[in-house]
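Down below is the structure, laid out as structure tokens.
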Amino acid sequence: MVTRTSRQRQQQAIQYAGAAIAVFVAGKLLRRIFKAIVGDKSNKFKFLIGLEPSQIRKLAQELIERSQRVHDQVAAVPLQKVSYVNVIAPLARLEAEEFALMQSCKFPRLVSTSKEARQASLDAEKMLDEHKSKCRFLSRSKIMREDVYLVIKTFCDKKFMVQPEEQRFIDRLVKDYERKGLRLRPEMRGEAERLNARIGELCNVFQNNINEDESSLSFTVGELTGMHSDFIKSLNTGEDGKLKVTLKPIHYFPIMEYCKVRATRSAVAAARYRRCMKENTPLLEKVLDLRHKLARLLGYKNWAEYSLELCMAKKPEKVQEFQEKMVEHITPAALRELKLLQDLKEEEEGNSVVGLEDILYYIQKAERRMINLDINDLSQYFPVDTVTSGILKIYEHLLGLKLQESRSRHVWHEDVREYEVFDSEKKACLGIIYLDLFSRREGKYNHACVVPLQPGCDLDDSCRQVPVAALLMNFTKSATNIETLLKHSELVSYFHEFGHMMHHVCSQASFARFSGLQVESDFREAPSHMLENWCYEKESLKMMSCHCKDPQKEITDGLCNLLKAKRKSFPALRALRNHLFLGTLDLILHTEEKIDTELLIKRLYPEVVLGMPMLDGTNLAASTLHLMSGGCDAACYAYLWSEVFAADMFETKFKGNIMNNIVGMEFRNKVLVPGATKDAVQILKDFLGRDPSVDAYLRINGLNQFDDL
């Protein structure tokens with residue numbers, strides 16, 4: 001058994017600081033990069049904001065060259081002299097340092113108001129992904145860095161004594177190389193490399209088509225009957241005098257819920273499901289074909305088997321079993337819920353046939369009738385600044401944190417707010433977060449998400465790199481002097497995404513690849529799903545609300561009770577439409593071959609969603625990012641899967657006790673702090689004190705029980 005010494009670690013840190021100096025020696029940009037990597041260690045901040053288009057491309061090239069150098073150095077280590085210091089540590093440090101700089105290249109595509117910067121960002125992402133797909137970059141003579149793989153394998157075979165997290169990192173390194181094709185015969189590796197590169201390239205084009213889509217429809221005021229006056233005022237007027245409605249969530253969902261004109265709802269739904277259909281359908285079907293070819297080349301039956309290998313579920317058969325059982329147990333309740341909507345439609349239109357374009361509208365009407373809750377009036381209690389302040393206070397109290405707004409204002413847009421996150425007891429800075437809350441006319445990613453910008457990890461024995469993350473929302477900014485008001489559904493989304501940021505920031509992994517949100521993809525949503533419960537409990541709701549015209553007027557207990565009742569309305573129908581259909585579609589796409597996606601959706605949607613037809617001439621798969629984004633492919637089941645574990649965690653630990661910071665700290669320490677240093681099943685066992693169960697989810701939704709996962 002061999003252990004590495006503190007002196008060896010120090011020598012390694014000096015060696016690679018020197019290597020970084022050799023790489024980054026010229027130009028203003030390169031000096032900035034050098035400072036980010038080996039400069040002021042007290043800052044520990046490497047993510048770069050405000051790069052010009054030419055700088056983005058230059059930085060991407062520098063990262064590729066630097067990674068090449070590090071891998072060449074590792075490959076050059078004589079096999080008889082391999083050690084942790086000269087093999088594993090350089091690769092771990094490279095991952096830690098390059099992530100933030102890679103995100104500096106990629107992030108502008110999601111937020112920049114400059115089309116040139118977004119294009120440069122896309123170009124840089126293509127460059128970086130192409131090289132990454134070659135299994136940590138080519139050497140001049142070795143495909144897929146077989147030379148590096150052999151050195152790592154030699155280190156493994158020597159059975160050095162290392163810490164558990166270090167061993168996990170080493171095992172993942174080996175697994176990564178083998179999943180890229182290093183176990184293949186040499187003549188087959190080039191094909192695997194080509195397939196990987198082509199898949200990444202097509203996925204980037206697919207995603208960029210959606211992000212840049214500016215499709216819209218025009219309607220008269222009469223065609224928008226039922227819409228709130230504030231919504232009408234927020235719309236732009238075209239040259240034809242009609243109101244312009246985009247297909248982005250800020251317009252789509254309000255129209256589907258409140259517009260009384262069925263023809264308008266139908267037109268908007270059809271247009272949204274046709275977005276990017278012409279350009280993205282062939283891209284999607286080509287990627288599906290390439291994924292299956294690559295999976296078979298690597299020894300897997302299909303892409304789902306390959307993709308799920310590193311997830312909680314492990315096998316497609318497990319996912320299929322889970323989804324089929326959920327459909328079986330949810331369908332009876334969903335049929336009862338659908339009958340309520342059919343009765344409402346018969347009453348209003350004289351026609352009881354409920355279509356896709358009717359679901360949200362009649363759910364809203366049914367909820368208003370059953371619960372007597374006006375969502376538009378409720379918004380008066382959720383001014384965005386009050387909501388933000390309340391969210392900060394809840395997370396501070398629950399997780400033992402202190403969030404302090406920064407005055408540096410070094411941000412990518414004037415609306416963005418920056419906060420430093422501190423441990424309230426130890427006073428140490430845990431990380432940095434950005435809140436980018438409002439939609440913009442051009443260039444901003446139009447869904448809610450959290451983007452990790454820098455991983456939290458150890459750089460050497462004495463220095464820790466702090467995690468950094470950005471929260472992207474798309475609230476409609478008030479056009480008047482009145483503060484922006486949020487719908488309760490927007491508050492829930494905000495609180496949920498904030499939970500992801502806390503997961504990223506609270507993680508204390510030693511290695512970048514285990515930082516925060518890099519847990520198994522089918523567990524990633526579980527903590528934030530659980531935290532959504534705070535958006536329905538009186539104590540926490542009152543902390544996030546006040547009347548916009550009278551700050552002393554808090555939301556009433558009655559309204560809080562109505563919101564809780566609303567949450568429990570139509571759960572089965574929502575699960576079928578939102579989760580089980582997409583999860584079933586995703587699994588079929590990644591297990592079967594030569595699929596016409598439009599025809600499959602036309603057949604599958606009514607099979608899963610109670611006979612309801614899909615809108616003609618549409619293909620929602622062409623604009624569904626999750627089907628193409630890395631880590632989400634073959635994992636759309638994960639949303640409902642995570643809800644099951646979230647319900648178990650909340651009912652077991654927090655129900656009736658939501659502001660107990662002792663339990664909150666247990667949640668932080670056992671669920672958030674580990675990041676991906678443990679398997680998700682073990683994290684759940686540690687927190688729950690037992691194996692996870694589906695019982696809580698089934699009880700909450702009034703469903704029959706079945707065997708646990």
Q: Work out how much length His228 to Lys81 would gain on full extension: take 0.36 nm times their residue separation and subtract the Cα-Cα distance, in nm to one decimal.
A: 45.7 nm
Q. Is the shape of the stretch 215-359 best called rounded, prolate or oblate, per the rule: a/c under 1.5 gives rounded, else a/b larger than b/c gives prolate, else oblate, with a ≥ b ≥ c the square roots of the Cα gyration tensor eigenvalues?
A. oblate
Q: Take every Cα pair under 8 Å in the stretch 212-294 that's 6+ residues apart, average their separations, divide by the length, and report that relative contact order as a whole percent.
A: 31 percent
Q | Selected from Phe511, Phe495, Cys560, residue furthest toward positive end of dipole (the chain; charges at beta carbon) | A | Phe511
Q: Pop out the ³J(HN,Hα) list for the stretch 522-536 in order, Karplus 6.51 cos²θ - 1.76 cosθ + 1.60 with θ = phi - 60°, rounded to Hz; leave Gly and Pro as x.
A: 8, 10, 4, 7, 4, x, 6, 4, 4, 5, 4, 4, 5, 8, 10
Q.
Once you keep just the Cα pairs under 8 angstrom separated by 6 or more residues, what percentage relative contact order results for the chain?
A. 15 percent
Q: Quantify, in whole percent, the carbon and sulfur part of the accessible surface of the chain (1.4 Å probe; protein heavy atoms only).
A: 49 percent
Q) Which is farthest toward the positive dipole end of the stretch 285-334 among Val287, Gly299, Pro332, measuring Cα position about the Cα centre, with Cβ charges +1 (Lys, Arg) and -1 (Asp, Glu)? A) Gly299
Q: Go ahead and collect, in residue order, the members of the stretch 251-273 whose backbone nitrogen is under 16 Å from a label point 7 Å along the Cα-Cβ direction of Thr220.
A: 260-265
Q: Run the dipole for the chain about the Cα centre, Lys and Arg Cβ at +1, Asp and Glu Cβ at -1, nothing else charged, and hand back the magnitude in debye, nearest 20.
A: 2080 debye
Q: Determine the sum of side-chain charges near Ala512: Lys and Arg each +1, Asp and Glu each -1, restricted to other residues whose C-beta is under 10 angstrom from that of Ala512.
A: -2
Q: Give the span of the chain's Cα atoms along each principal axis, as three whole-Å numbers ordered largest to smallest.
A: 82, 58, 58
Q. What is the diffusion coefficient of the stretch 558-684 in µm²/s, taking the Kirkwood radius over Cα pairs and the Stokes-Einstein relation at 20 °C with a viscosity of 1.002 mPa s?
A. 122 µm²/s
Q | Unit charges on C-beta of K, R, D, E only; dipole of the stretch 465-548, Debye | A | 200 debye
Q: Would you mind checking the tilt of helix 115-132 against the longest principal axis of the Cα atoms of the chain, expressed as 0 to 90 degrees and rounded to 10?
A: 50 degrees
Q | Listed residue (Met530, Gly611, Ile64) projecting farthest to the positive dipole end of the chain, Cβ model | A | Ile64
Q | Label-point gap, in nm, between Leu310 and Ala270 - each point 7 angstrom along Cα→Cβ | A | 4.3 nm
Q) Under a point-charge model restricted to the Cβ atoms of Lys and Arg (+1) and Asp and Glu (-1), what is the dipole moment magnitude of the stretch 539-579 relative to its Cα centre, in debye to the nearest 20? A) 320 debye
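Once every DSSP H run of n ≥ 4 in the chain is given -39500 (n - 2.57) and the sum is divided by its residues, what mean residue ellipticity at 222 nm do you get, rounded to the nearest 500 deg cm²/dmol?
After summing the helix terms and dividing by the residues of the chain, the value is -16500 deg cm²/dmol.
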Q: Count the net charge of all other residues whose Cβ sits under 10 Å from the Cβ of Ala448, scoring Lys and Arg as +1 and Asp and Glu as -1.
A: -2
(Q) Less than 14 Å Cβ to Cβ from Lys339, Lys/Arg counted +1 and Asp/Glu -1: what total charge do the surrounding residues give? (A) -3
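Suppose accessible area is computed on protein heavy atoms with a 1.4 Å probe; arrange Met530, Met277, Met161 from highest to lowest.
Met161, Met277, Met530
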**Q.** Rounded to 10°, Cα long-axis angle of helix 89-106 versus longest principal axis of the chain
**A.** 40 degrees
Q.
On a 21 Å Cα-Cα criterion, which of the cross-link pairs Lys653/Lys685; Lys242/Lys345; Lys58/Lys444; Lys293/Lys594; Lys365/Lys564 come out too long?
A. Lys242/Lys345; Lys58/Lys444
(Q) Checking a compactness column here: for the stretch 517-556, what do you get for Rg(Cα) / (2.2 N^0.38 Å), N being the number of residues? (A) 1.70
Q: Enter the accessible area per residue of the stretch 304-442 (Å², integer; probe 1.4 Å; all protein chains in place).
A: 45 Å²
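The values are calculated or read from the model by the stated rules, or taken from the named source; none is laboratory data. Quick caveat, the model's predicted, so the values are computed rather than measured. All Cβ positions, even for glycine, are placed from backbone atoms using ideal geometry, and neighbour counts span all protein chains on display. To get the accessible areas, we keep the full protein, side chains included, count just its heavy atoms, and leave off ligands, DNA and RNA. Shrake-Rupley method; radii C 1.70, N 1.55, O 1.52, S 1.80 Å.
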